[in-house]
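Here is the structure we will look at, set down as structure tokens.
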Amino acid sequence: MAVASSFMTGGSFNCDYLSSTSCSSSSSPSVDHQVRFFGSRRRIKPLVYWTRSHSLSPKCELSSNSVVKNGKKESRTSSLSALELLKTSAADRYTKESSSIMVIGLNIHTAPVEVREKVSIPEAQWPQAIRELCSLNHIEEAAVLSTCNRIEIYVLALAQNRGIKEVTEWMSKFSGVPVTELCQHRFLLYNQDATQHLFEVAAGLDSLVLGEGQILAQVKQVVKNGQGVPGFGRKISELFKRAITTGKRVRTETNISSGSVSVSSAAVELALLKLPEYSSSTARVLIVGAGKMGKLVIRHLVAKGCKKMIVVNRTEDRVAAIREELMDADIVYKPFSELLACAAQSDVIFTCTASKAPLFIKESVQALPSVNSEDGCRRLFIDISVPRNVEPSVAELEGVGVYNVDDLKEVVEANKEDRLRKKMEAETIIAEEVKQFEALKDSLETVPTIKKLRAYAERIRSAEVDKCLSKMGDDIPQNKKKAIYDLSLGIVNKLLHGPMQHLKCDGAENRTLSEILENMHALNRIFGLDTEISVLEEKVRAKIEQNQKHSS
């Protein structure tokens, strides 16, 4: 399900699902009719948030004296816990359903670069972002994927509606972008749709440049940065690992990457399109930044016949490494202190740094000498950084052209038709991988039952052994105590072996997933484990208690 909704934040509110996007009543909340979705196969059911008060706190805030039930406001005593209030609310946030995998994000299809750059999260801050997200009341696991084309937050949420609210407010607090503005551009996907979306992202199907390979490396970085970070848990970790497997398989079994372009190569193509034909071979080129994107720009420039360029970077070591790799090119290093001097001598300037502040502002560019304006030439800024390195107002200057990542569509469309045919093959592979991951994810639902059943049996075993030993007196030799302990343990393990095997989805037995889940529910009922409900309650209770300690 994919939804874009507009709502104001509130400490006390009720949210509900409506069957249509129109509200005729004057008391109805405003609904954003612009729904973001990927693929017509997904049904859309808008989220509508009712507003009572304003708050930017990402914590769960609740009214202590009322709750909405069956459309009516009922009075409650203040002694009810936050958990009990949530469980009895109209949204039924704590049902017998398990936790949900969700993605909340903005990308090149839903938000312009001026919005994406404000919300982008530098890679160095991904671990801290995961920790902060998992400190929210209803978020159990999290991962962050932030590139020049997207900022997507994947979470395992204990409750969908509350999870959406908390993550959106966290994004607003982190970026300074109002919640209402985020909701105009965000997209939401749940469970299987979220899984499919990430697999499409890793395969390059959701990229501006269809089939581009850099996004797979960026997905790998999510796993690398998440290792050892509390909150990058088992389900989210498995999701991203399977996405990497899917991305590799799509590129191996299809030709979607053959002849494809990346953002960097598209930037070079765009520069060649915008330069007058007679000047493309003589244009003076400056590259600002020698990171991954900058290195790719240099490679594509050399491949297009540009053999001389200046590279401005904070340190020379990266430029030296690139120079060694591309020995037939004349690559000159300059420090950042000479940035404007180098720009004054350049016709085409590529910017690809992680700087949060613009490197080129209107006043500094206006002071640069013009470039052969009598021949119709302009100084071109090709800015593929997010946040942008070139201030938008620079485009207002005469004799200057400014292009950012959103302008690359002009190049991409010319190369897209052939890869769209290959996309069909990739989608078949992705559908297979999604089905396998969903089966794996569902099989993990039995893990709490296995743990609780073992704990249940261990409590009985331990109590009965203690009872037996107390009747036998205090002078029992240690070897006999051990024999009694081993005997009790052996009996329990043999009794549990059958039920445990019927809860495992390891392929050793020819059991369907539905049979395994039926077995799980049967054991829950027989032994009174109530796994799904109690696990959710325990997790939320622990979250609330933890956050109360931190706030006190």
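The values are calculated or read from the model by the stated rules, or taken from the named source; none is laboratory data. Fair warning: this is a prediction, and the values are worked out from it, not measured in the lab. Virtual Cβ from ideal backbone geometry, glycine too; neighbours counted across all protein chains shown. Protein only, heavy atoms only, side chains kept; ligands, DNA and RNA dropped before computing areas. Shrake-Rupley method; radii C 1.70, N 1.55, O 1.52, S 1.80 Å.
Numbers for the structure displayed
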quantity: Answer residue from the range 221-244, given it is over 16 Å from T195 (Cα atoms) and in a helix (DSSP H, G or I) and is least open to solvent (accessible area, probe 1.4 Å) among those; calculated: G226
quantity: Residue list for the range 273-304, restricted to those being free of Cβ contacts under 8 Å to residues at least 40 places away in the same chain, open to solvent by 40 Å² or more (accessible area, probe 1.4 Å) and either closer than 20 Å to Q345 by Cβ or hydroxyl-bearing (S, T, Y) (or both); calculated: Y278, S280, S281, T282
quantity: Options L83, L106, L158: the member that is open to solvent by less than 40 Å² (accessible area, probe 1.4 Å), of a type outside the set (V, I, T) and modelled with pLDDT of 95 or more; calculated: L106
quantity: Selection within the range 433-476 - part of a helix (DSSP H, G or I), over 21 Å from S237 (Cβ atoms) and of a type in the set (D, E, K, R); calculated: K452, R454, E458, R459, R461, E464, D466, K467, K471
quantity: In the range 476-490, residue nearest to V465 (Cα to Cα) [restricted to those that are surrounded by 11 or more Cβ atoms within 10 Å (Cβ to Cβ) and charged (D, E, K, R)]; calculated: K481
quantity: Only listed residue being over 25 Å from P122 (Cα atoms), surrounded by 19 or more Cβ atoms within 10 Å (Cβ to Cβ) and touching a Phe, Trp or Tyr at 6+ places or on another chain (Cβ under 9 Å), chosen from V319, V311, V348; calculated: V348
quantity: Every pair of residues 6+ apart whose Cβ atoms lie under 7 Å, when the first sits in the range 394-409 and is in contact (Cβ under 8 Å) with a residue 60 or more places away in the chain while the second is of a type outside the set (A, V, I, L, M, F, W, C) and assigned to a loop (DSSP other than H, G, I, E, B); calculated: G401/R378; N404/R388; V405/N149; D406/P112
quantity: Subset of the range 337-387 (residues that are in a helix (DSSP H, G or I) and touching a residue at least 40 places away in the same chain (Cβ under 8 Å)); calculated: L339, C342, A343, D375
quantity: Of the criteria (1) in contact with a helix residue (DSSP H, G or I) (Cβ under 6 Å, 6 or more places away or on another chain); (2) modelled with pLDDT under 90, which one G247 fails; calculated: (2)
quantity: Contacts under 6 angstrom Cβ, first residue in the range 228-248 being within 26 Å of E425 (Cα to Cα), partner at pLDDT below 90 and open to solvent by less than 20 Å² (accessible area, probe 1.4 Å), 6 or more apart; calculated: R242/F437
quantity: Residue list for the range 187-220, filter: part of a helix (DSSP H, G or I) and either within 15 Å of E140 (Cα to Cα) or acidic (D, E) (or both); calculated: N191, D193, E200
